[in-house]
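A.B. asks: Got a structure for you, written out below as structure tokens; questions coming shortly.
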Amino acid sequence: MLFPTIEFAAFFAIVFAVTWLLNNQNDPKKWFLVAASYLFYAAWNPNYLFILFGSSLGNYLLALWMGSLPDGRARKWLLAFGVAANLGLLGVFKYYNFFVANVDNLLSSLGVQSSLPFLEVALPVAISFITFHALSYLIDVYRRELQPTRSLVDLLFYISFFPHLVAGPIVRAKDFLSQTTHRSEPENIRLAFCGVPDPRRAVQEGDRRELPLDRLCR
């Protein structure tokens with residue numbers, strides 16, 4: 001499901017309306033957005049949902065473990081394991097075939113016959129964003145800039161949130177998760193449509209016809 005399509009416009013309209021109806025029920029709203037994000041991802045290839053969920057669950061448990069440890073070598077080794085696991089997942093899907101091809105060419109140039117296996121699977125959509133969001137969460141927890149969340153839905157929400165899942169940007173975990181504990185404010189919707197007003201900009205009266213959005217953005 002691509003952003004500039006009728007399908008995405010219909011999907012977004014439904015998700016936006018239901019999310020706003022659930023605005024005063026924070027946990028149901030988050031679970032609904034997780035379900036919508038997984039549906040969005042599954043529209044590309046449902047077989048890779050296990051990567052999205054597995055990364056979220058694994059990093060959730062790892063952060064809880066890390067958060068329970070005092071500062072010291074154990075926390076560093078746990079962070080190193082988490083970084084290696086996340087980058088390993090990215091490397092397998094994104095760079096394994098490149099590495100194998102170069103090793104195969106090198107061996108062939110040396111007169112050595114090789115039959116190294118290639119990974120014949122499609123590259124999962126957003127694997128880089130999934131990886132770096134997970135790393136952001138682990139690093140924030142390690143630095144004690146963020147307490148590990150006890151709510152699995154919060155981390156599922158953070159890693160899978162569909163507006164930034166395939167197009168970015170990469171959002172720091174501490175910045176995102178701090179916004180999931182309360183209802184959304186109507187002012188945020190106005191800012192989404194209008195942006196932050198620039199006091200230096202003024203439009204002369206009569207320069208153009210007023211549109212409905214102009215009245216919203218006053």
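A.B. asks: May I ask you to list the trypsin sites (Lys or Arg not before Pro) in region 1-83 that are in a DSSP loop and have at most 13 other Cβ atoms within 10 Å of their Cβ?
C.D. replies: Numbers: sites: Lys29, Lys30, Arg73, Arg75, Lys76; in loops: none.
Filter output for region 1-83: empty list.
A.B. asks: For region 1-100, rounded, prolate or oblate, judged on the Cα gyration tensor with a ≥ b ≥ c (square roots of eigenvalues), a/c < 1.5 rounded, else prolate if a/b > b/c?
C.D. replies: oblate
A.B. asks: Can you tell me how much longer the chain between Ile14 and Arg73 gets when fully stretched, taken as 0.36 nm per residue apart minus their C-alpha distance, in nm with one decimal?
C.D. replies: Contour length minus the Cα-Cα distance gives 16.4 nm.
A.B. asks: With r defined as the distance between the Cβ atoms of Asn23 and Ala80 and R0 fixed at 41 Å, what FRET efficiency is calculated, to the nearest 0.05?
C.D. replies: Computed FRET efficiency for Asn23 and Ala80: 0.50.
A.B. asks: Please give me, ordered by residue number, the chymotrypsin sites (Phe, Trp or Tyr not before Pro) of region 117-154 that lie in loop per DSSP and have at most 12 other Cβ atoms within 10 Å. Can you show the working numbers first?
C.D. replies: Values: sites: Phe118, Phe129, Phe132, Tyr137, Tyr142; in loops: Phe118.
Counting only loop positions with at most 12 other Cβ atoms within 10 Å, the chymotrypsin sites (Phe, Trp or Tyr not before Pro) in region 117-154 are Phe118.
Bear in mind these aren't lab numbers, they're just calculated from the coordinates by the rules spelled out. If you're wondering where the values come from, they're calculated on a predicted model, not measured in any experiment. Using ideal geometry, Cβ is built from the backbone for each residue, glycine included, and neighbour counts are taken over all protein chains shown.
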